[in-house]
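Notes follow once the structure below has been shown.
The values are calculated or read from the model by the stated rules, or taken from the named source; none is laboratory data. Because the structure is predicted, anything quoted here is derived from the model rather than measured. Here the Cβ positions follow ideal geometry from the backbone for every residue, glycine too, while neighbour counts run over all protein chains shown. We work out accessible area using only protein heavy atoms, side chains counted, and drop any ligands, DNA or RNA first. Shrake-Rupley method; radii C 1.70, N 1.55, O 1.52, S 1.80 Å.
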Amino acid sequence: MHFVNRNLANPKQTSNIGMETTLSVEELNKREAEFDAKIAGGKTIEPKDWMPERYRKQLLRMMSQHAHSEVVGMLPEGNWITRAPSLARKAVLLAKVQDEAGHGLYIYSAAETLGMDRSEMIDQLLSGKAKYSSIFNYPTLSWADIGAIGWLVDGAAIVNQTVLAKCSYGPYSRAMLRICKEENFHNKQGYQIMAYLMRGTKEQRDMAQDAMNRFWWPALMMFGPSDTNSPNSADLMKWKVKLHSNDDLRQRFIDRTVPQAEAIGLRIPDDKLKWNESTRHYEFGEINWAEFNQVISGNGPCNKLRMKQRTDAHNNGAWVREAAAAYSAKKAASKK
Ligand code: FAQ
């Protein structure tokens, strides 16, 4: 693990890893109290600020997984770039997939401020130590799936990320601002594809409904396990990394998406779905948590394919990384 001295309160420390053990109990208590006061006061924590080791580790886990999700998330949609039904659709999809690569880069960069190199985060992904979002382990079988991903998957991502844009870690919250703007465009292009198909032939409408049927439940799983089974939520909510629970955000997504589906004539594949006038929320059926657990344990429909595609892309890009390192060394040598 390479930890760099980018940012820490004590410049002699190479990282704040282990710093807690080098501080006296009084000093540690003082720093923790200052940290807690900043969080309570709604101030952001910045890379140079002291932070509890567990805060740093939790953020690194969550942010690196988020960055991996953006990059792995390019694969299911990339599958349709060559088969988009028109030049305009191809151009838009290409731009969207490129945006996701950019999102990965912003988040990897923000995560690096916590002291881990991107190369190490990528090693963790490729070795299976780090997760990425469950949703990207489902196949894209038809063009309508591209509509469903933009509308539902980016829609779910927006609900989650507009809240993360107010989270306590400065670099993460700032990365989210731009990402959310781009996700809004992705969301609209996806909805537009679905709306267009729903105005088309019976075959097109069936294709849109089939995509809806396959992506609805996996989109709900993106918000993570139910609050009672979410081991990381307590820490993350205490530190205002998460401002709302997994279940609250899932409910928010359902409440905003059901009317959108109805407006274009799509049926939500949930017989238990119904509006509750007194709570002013939709009630919905049971999520298949066994399926979720299988997918996040590596046994979803496309986990192995995604990891193979990602590993191949990484290996095929080795010469680019080597060339960039050689060029940078040459430039540095010429400056001496
Ligand atoms: N998939 O204790 P919690 C996108 C894991 S970006 C896989 O509740 P936490 C843009 C979790 O890591 C989509 N694993 O965890 C796009 C933990 O395992 P660990 C990604 C999941 O962190 C669109 C365990 O279960 N967005 O879509 C999932 O408090 C289109 C226990 O769970 C983000 O990453 C899951 N769905 O809450 C790109 C947003 N859910 O690490 C391309 C930031 C849970 O202890 C195309 N992340 N797990 O081994 C978050 O908001 C949170 O990390 C949650 C999970 C809500 C995902």
(request) Using a cut-off of 10 Å between beta-carbons, work out the net charge of the residues near residue 242 (Lys and Arg +1, Asp and Glu -1, residue 242 not included). (result) 0
(request) Just report the Cα centroid separation between the stretch 209-240 and the stretch 72-116, whole Å. (result) 22 Å
(message) So the label point goes 7 Å from the Cα of residue 48 along Cα→C-beta, right? Which residues of the stretch 91-132 then have their backbone N under 17 Å from it?
(response) 113-115
(message) Using Cα springs under 10 Å in a Gaussian network model of the chain, which residue among 170, 200, 73 shows the largest mean-square fluctuation?
(response) 200
(request) Report, ordered by chain and residue number, the lysines lying within cross-link reach of residue 129, taken as a straight Cα distance under 29 Å and ignoring same-chain residues fewer than 8 apart. (result) 48, 57, 96, 166, 238, 240, 242, 304, 308
(request) Kindly report the accessible area of the stretch 74-202 per residue (heavy atoms of protein chains, probe 1.4 Å, no ligands, DNA or RNA), in Å². (result) 39 Å²
(request) Quote the charge dipole size of the stretch 126-268 about the Cα centre in Debye, to the nearest 20; the model charges only the Cβ of Lys and Arg (+1) and of Asp and Glu (-1). (result) 400 debye
(request) Report the full-extension gain for the segment residue 329 to residue 238: residue separation times 0.36 nm, less the Cα-Cα distance, to one decimal in nm. (result) 28.3 nm
(request) Kindly give the semi-axes, whole Å and largest first, of the ellipsoid equivalent to the stretch 147-209, taking each as the square root of 5 times a Cα gyration tensor eigenvalue. (result) 31, 9, 6
(request) Determine the sum of side-chain charges near residue 81: Lys and Arg each +1, Asp and Glu each -1, restricted to other residues whose C-beta is under 11 angstrom from that of residue 81. (result) +3
(request) Filter the trypsin sites (Lys or Arg not before Pro) in the stretch 80-157 to those in DSSP coil with at most 14 other Cβ atoms within 10 Å of their Cβ, and list the result. (result) 129
(request) Against the globular-protein guess of 2.2 N^0.38 Å, express the Cα radius of gyration of the stretch 233-293 as a ratio, rounded to two decimals. (result) 1.35
(request) Could you tell me how many degrees, from 0 to 90 and to the nearest 10, lie between the Cα long axis of helix 53-72 and the main elongation axis, the longest principal axis, of the Cα atoms of the chain? (result) 40 degrees
(request) Please give the helix 87-112 orientation as an angle from the longest Cα principal axis of the chain, in degrees from 0 to 90, rounded to the nearest 10. (result) 30 degrees
(request) Please compute the Cα-Cα pair-distance distribution of the stretch 174-254 with 5 Å bins starting at 0, giving whole percents from short to long. (result) 3, 13, 14, 18, 18, 14, 10, 6, 4, 1, 0
(request) Please give the contour-minus-distance gain from residue 109 to residue 279: 0.36 nm per residue of separation, less the Cα-Cα distance, rounded to one decimal in nm. (result) 57.1 nm
(request) Give the angle, between 0 and 90 degrees and rounded to the nearest 10, that separates the Cα long axis of helix 154-164 from the longest principal axis of the Cα atoms of the chain. (result) 30 degrees
(message) Considering only protein heavy atoms and a probe of 1.4 Å, how much of the accessible area of the chain is carbon and sulfur, as a whole percent?
(response) 56 percent
(message) Full-extension gain between residue 185 and residue 165, please, as 0.36 nm times their residue separation minus the C-alpha to C-alpha distance.
(response) 5.5 nm
(request) Mind running the shape call on the stretch 221-336? Use the C-alpha gyration tensor, a ≥ b ≥ c as the square roots of the eigenvalues: rounded below 1.5 for a/c, prolate if a/b tops b/c, oblate otherwise. (result) prolate
(message) How large is log10 of I(q)/I(0) for the chain at q = 0.09, 0.14 Å⁻¹ when the intensity is taken from the Debye formula with one equal scatterer per alpha-carbon?
(response) -0.54, -1.19
